[in-house]
Amino acid sequence: MHMEFTALRGRHVTLVEVGPRDGLQNEQVSIATDDKVTFIDRLSAAGYPVIEVSAFVNPTRVPQMGDASELFARIARHPGTRYTALVPNLQGLERAAAAGLDEIAIFAASSELFSRANINQGIDDAFRTYAAVCDRALALGMRVRGYLSTAFGCPYEGDVPAVRVAELSARLLTMGVYQVAISDTIGVAHPGQVDRVLHTVGEQIGLDAVALHFHDTRGTALANVLTALQLGITTFDASAGGLGGCPYAPGASGNLATEDLLYLLDGLGIDTGVALARVVEASGFIASRIDHALPSRYVQAERARQQRG
Ligand code: MG
């Protein structure tokens, strides 16, 4: 085991910050646009390669994301950072293009019932919609990332077969996405399952275009990251402060906190280019605008240390 950890030292990992979108979308209180701009600008100062800013979804259905265009007009773009947003359909894509985006993300599901509940289309219909979005986005010169949600379990169907995750990942790549973010939407994954799913996916499409999006609902997110690192995964999503509760487990953690992930990666000697202290500053700002303490263990430990010091 000693050798395996040594082998990780010096490796580069790409962090995708999803706090402004996946985090704030799942917070109960609505955040003022001014505060979102400040939050995103502070995140940019941390040195992220990718920040997911918002979603060009129907504002009457998801009012928290209604200011997507305004955010893209107002944020200060850091030269080393790519700024992206979710796009559900062609209308959303046109709004994203008008806002000047050069990268978007689509969000498909690995389970039929979740797909219907989340986007009101079954898996095959959703893939038809996304194929059209991909074609148009690629024609506009955009990069497209694909999320595959409920890949480790569905709140309505329970177990999701790894072969289905592999098949749907392959379909997303065929549509032209550059990366598939295999996502544990309800936070049930554990290292043995991560190992199984990644081996099955790897046999079908390799792992170079695979990213992972873990939730810490059951406390297994960092163990899952370590497992995935050892299998060669180099891109992980995380949310500053652990923003975004778990809609399927009220009061529980949702997104893996960026600070907790960075503490692990920094400790292993893995390079991300993201400054942990700057992420803490950014999440500390937005903490004053939400109605609960940030779930990040690192943030809580830092606060306790400062209060004692
Ligand atoms: Mg998430």
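The values are calculated or read from the model by the stated rules, or taken from the named source; none is laboratory data. The model shown is predicted, which means the values in this text are computed figures rather than measured ones. FYI the Cβ positions are ideal-geometry reconstructions off the backbone, even for glycines, and counts take in every protein chain you see.
Could you identify the single residue in Ala238, Ala282, Ala301 that is within 16 Å of the ligand (Cβ to nearest atom) and either under 23 Å from Thr14 (Cβ atoms) or assigned to a helix (DSSP H, G or I) (or both)?
Among Ala238, Ala282, Ala301, only Ala238 is within 16 Å of the ligand (Cβ to nearest atom) and either under 23 Å from Thr14 (Cβ atoms) or assigned to a helix (DSSP H, G or I) (or both).
Residue under question is Ala162, and the condition is that it be surrounded by 22 or more Cβ atoms within 10 Å (Cβ to Cβ) and among the small types (Gly, Ala, Ser); does it hold?
Numbers: surrounded by 22 or more Cβ atoms within 10 Å (Cβ to Cβ): no; among the small types (Gly, Ala, Ser): yes.
Considered against the rule, which asks whether it is surrounded by 22 or more Cβ atoms within 10 Å (Cβ to Cβ) and among the small types (Gly, Ala, Ser), Ala162 comes out as no.
What's the total number of residues in region 1-37 that are modelled with pLDDT of 95 or more, among the polar types (S, T, N, Q) and crowded, with 16+ Cβ neighbours inside 10 Å?
Total meeting the criteria: 1.
Applying the selection to region 272-296, what residues are in contact with a helix residue (DSSP H, G or I) (Cβ under 8 Å, 6 or more places away or on another chain) and either acidic (Asp, Glu) or closer than 18 Å to Glu27 by Cα (or both)? Before the answer, list the steps.
Kept after step one, since they are in contact with a helix residue (DSSP H, G or I) (Cβ under 8 Å, 6 or more places away or on another chain), are these residues of region 272-296: 272, 274, 276, 278-287, 289, 293-296.
Residues satisfying the conditions are Glu281, Ala282, Ser283, Gly284, Phe285, Ile286, Ala287, Arg289, Ala293, Leu294, Pro295, Ser296.
Sort out which residues of region 223-232 are over 14 Å from the mean Cα position of the chain (by Cα) and surrounded by 22 or more Cβ atoms within 10 Å (Cβ to Cβ), and write them in order of number.
To start, the set of residues in region 223-232 that are over 14 Å from the mean Cα position of the chain (by Cα) comprises 223-224, 226-232.
Asn224, Ala228, Leu229, listed by residue number.
Please work out which one of (1) farther than 19 Å from Gly242 by Cα; (2) assigned to a helix (DSSP H, G or I); (3) in contact (Cβ under 8 Å) with a residue 12 or more places away in the chain is the condition Gly192 fails and give its number.
Only one criterion in (1) farther than 19 Å from Gly242 by Cα; (2) assigned to a helix (DSSP H, G or I); (3) in contact (Cβ under 8 Å) with a residue 12 or more places away in the chain is unmet by Gly192, namely (3).
Taking Ser69, is it in a helix (DSSP H, G or I), out of contact with any His (no Cβ under 7 Å at 6 or more places or on another chain) and either among the β-branched types (Val, Ile, Thr) or surrounded by 14 or more Cβ atoms within 10 Å (Cβ to Cβ) (or both)?
Criteria met by Ser69.
Of the conditions (1) touching a helix residue (DSSP H, G or I) at 6+ places or on another chain (Cβ under 6 Å); (2) surrounded by fewer than 24 Cβ atoms within 10 Å (Cβ to Cβ), Ala240 satisfies every one except a single condition; which number is it?
That leaves (2) as the condition not met.
Just need a number here: residues in region 165-206 that are charged (D, E, K, R), buried (at least 24 other Cβ atoms within 10 Å of the Cβ) and more than 16 Å from the ligand (Cβ to nearest atom).
Count: 0.
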